[in-house]
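Heads up, the thing below is written out as structure tokens.
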Amino acid sequence: MSLATWLTLLSAWIVAVASPGPDFLAVMRTSATSGRRKGLFVAAGVTTGIALWVVLALTGLAVVFAQYEAAYKVVRYLGAAFLIGYGLRILWSLRRSSNNDDETPAANAAAASAPLATRSVWKAYRIGLVTNVANPKALVFFGALLASIVPHGSPLLAQLEVFATIVGVAFAWFASLAWIASGERVANGYRRAARRIDGAVGGVFTVIGVSLAAKA
């Protein structure tokens, strides 16, 4: 792969991966509520999902999905169901904590984050993985992005370079988010506004899930 081609891929991917979305929210929220270790596992799960999409795009499955619309719709409905369920769970945890009048606001905030705080690191990893693979539009994106960079029949080395670039940048970005969000200043700020933030996050996940289902 030429340097110019690699720089084109790198710049396009940095812009795409840095755009806020469900992956961003999952990493930030987990890191702020459950600490850096679990945040990094969510980042690893997201990166694994991205790696799967890249492999599928490189092997031509994006074309298969384009030809078999029913399969694409099934994956999209499953992803929508997860995002809606995840968003509603966050909102439900807020409602349960608000119904307890004996608790202080700080205790309520802790209760709101309890579903994530009590998860094992592997469950945190699974949240990151499923959050990413829940949106099959990623396969279309990678199929379009890689079609001109590594067309069919490209050498294996070029495909490995693409894979390493995309996965490496993705993990560096989401791991950095986990590191920043788990810092004392950000975590304290989150706890002070936990109810508003979790309400917004839960609403965003639910809306995205409904949108995916409606478009499917």
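The values are calculated or read from the model by the stated rules, or taken from the named source; none is laboratory data. Just so it is clear, the structure is predicted and the values come from calculations on it, not from any experiment. Positions of Cβ are backbone-derived with ideal geometry, glycine not excepted, and every protein chain shown enters the neighbour counts. Just so you know, the surface numbers come from the protein's heavy atoms only, side chains and all, with ligands and any DNA or RNA stripped out. Shrake-Rupley method; radii C 1.70, N 1.55, O 1.52, S 1.80 Å.
Of everything in segment 137-190 that is β-branched (V, I, T) and in contact with a Phe, Trp or Tyr (Cβ under 9 Å, 6 or more places away or on another chain), the residue that is farthest from G79 (Cα to Cα) is I149. Checking each residue in segment 150-184 for being among the aliphatic types (A, V, I, L, M), under 19 Å from G35 (Cα atoms) and open to solvent by less than 60 Å² (accessible area, probe 1.4 Å) picks out A172, A175, L177, A178, A181. Quick check on my filter: what residues within segment 15-33 are assigned to a helix (DSSP H, G or I), surrounded by fewer than 14 Cβ atoms within 10 Å (Cβ to Cβ) and either touching a helix residue (DSSP H, G or I) at 6+ places or on another chain (Cβ under 8 Å) or of a type in the set (S, T, Y) (or both)? A18, the sole residue that qualifies. Selection of segment 146-165 for residues being among the aliphatic types (A, V, I, L, M) and more than 16 Å from L3 (Cβ to Cβ) yields L146, A147, L156, L160. Total residues in segment 28-57 satisfying the condition of being within 15 Å of the chain's Cα centre (by Cα) and more than 18 Å from G79 (Cβ to Cβ): the figure is 10. Going by the structure shown, is A147 on the phi < 0 side of the Ramachandran plot and crowded, with 17+ Cβ neighbours inside 10 Å? No; evaluated as a whole, the condition is false for this residue. Hey, does segment 99-108 have a residue that's open to solvent by 40 Å² or more (accessible area, probe 1.4 Å) and at pLDDT 50 or above? Yes, segment 99-108 has at least one match.
Among residues of segment 9-24 that are under 22 Å from A200 (Cβ atoms), those with a beta-carbon under 9 Å from a residue that is surrounded by 16 or more Cβ atoms within 10 Å (Cβ to Cβ) and among the hydroxyl-bearing types (S, T, Y) at least six positions away or on a different chain give the pairs P22/Y86; P22/T131; D23/T131.
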